[in-house]
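Heads up: the structure comes next, in structure tokens.
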Amino acid sequence: MTTPLPTDRADLPSRRGQAGRALCLVVSMLLPAVSGCSGGGRSWKPSWPWQDREKAARLAERYGTTANQRIDTLRSQAAEARKGGADRQIAFTQDLTRRILEEHDPRVRCEIVTEAAAFDTPAAASICRGALQDPEARVRIRACEVWRKRGGPDAVALLTSRYRSDTDLDVRLRALRMLGELRDSSAIPVLAAALEDPDPAVQYRAVAALKEVSGRDLGNDVNAWRAWAADPAAQRSEVTIAERLRALF
């Protein structure tokens, strides 16, 4: 007598039963996803774009707009204001002063500072100055960047003050970097003093900024730059490209 193989007809009923139970299990798992997982028997309905917009409008009315929505609105309004005349730009930037004081999200405040920097109005300048003292470090960093963009006689003084007084290292480093990118020789004494900072990151950033301001490359030797800052007119040999490459290997 031969032993029945697993595919013998005698085994088929039990296999059909197992397959049926497995199919039922899969269907039972998929049904909630199709019916909406509500348990209330609701059928699935498509969501159309205008329905999404209506829902977003209802949520905005009830809970307020999201940060991303406020940023999008701000950018659109700033673009329109830039196309307008002086009166419109003054009114827009005056409104920005109110909005930045009321805004609780640092991302939106950063965007307000960025947009204000593009306008030459007293309110815009006030926003950019005030942002240097924002409680959030990322807003102060953005303010350093916009003062590099705005430039002018106030930029060096404001960035110097932020470097000297800020308690956040990232803000201080960004202020030094922006001082270098201004390429204003009046920043040299500030950058030279930064060479004496005990933090190597500050020293390195000061060296990089001095390269920008001076247009010279004395390498990354802090002592060489200290000597240069003490007497910029003295003759010194600059580091060549070949020497910089050798230092890397």
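So, in region 199-231, exactly how many residues are over 15 Å from Leu176 (Cα atoms) and without any contact (Cβ under 8 Å) to a residue 40 or more places away in the chain?
Residues of region 199-231 over 15 Å from Leu176 (Cα atoms): 215-231.
Now restrict to residues that are without any contact (Cβ under 8 Å) to a residue 40 or more places away in the chain: 215-228, 230-231.
Looking only at that region, the number is 16.
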Could you list, ordered by first residue, the pairs with Cβ atoms under 7 Å in which the first is in region 89-115 and free of Cβ contacts under 8 Å to residues at least 40 places away in the same chain and outside any helix (DSSP H, G or I) and the second is among the charged types (D, E, K, R) and surrounded by 15 or more Cβ atoms within 10 Å (Cβ to Cβ), at least 6 apart or interchain?
Glu103/Arg109
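Residue-wise test of (1) part of a loop (DSSP other than H, G, I, E, B); (2) in contact with a helix residue (DSSP H, G or I) (Cβ under 6 Å, 6 or more places away or on another chain); (3) modelled with pLDDT under 95; (4) surrounded by 12 or more Cβ atoms within 10 Å (Cβ to Cβ).
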| position | (1), (2), (3), (4) |
| --- | --- |
| Glu145 | no, no, no, yes |
| Leu159 | no, yes, no, yes |
| Met178 | no, yes, no, yes |
| Leu191 | no, yes, no, yes |
| Ala206 | no, yes, no, yes |
| Asn223 | no, no, yes, no |
| Arg226 | no, no, yes, yes |
| Ser237 | yes, no, yes, no |
| Arg246 | no, no, yes, no |
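Looking at region 167-198 only, could you name the residues that are of a type in the set (Lys, Arg) and more than 11 Å from Glu212 (Cβ to Cβ)? Working first, answer last.
Step one: filter region 167-198 for residues of a type in the set (Lys, Arg), giving 172, 174, 177, 183.
Residues satisfying the conditions are Arg172, Arg174.
The values are calculated or read from the model by the stated rules, or taken from the named source; none is laboratory data. The shown structure was predicted, so the numbers you read here are calculated from the model rather than taken from an experiment. Cβ sites come from the backbone with ideal geometry, for glycine too, and all protein chains shown count toward neighbours.
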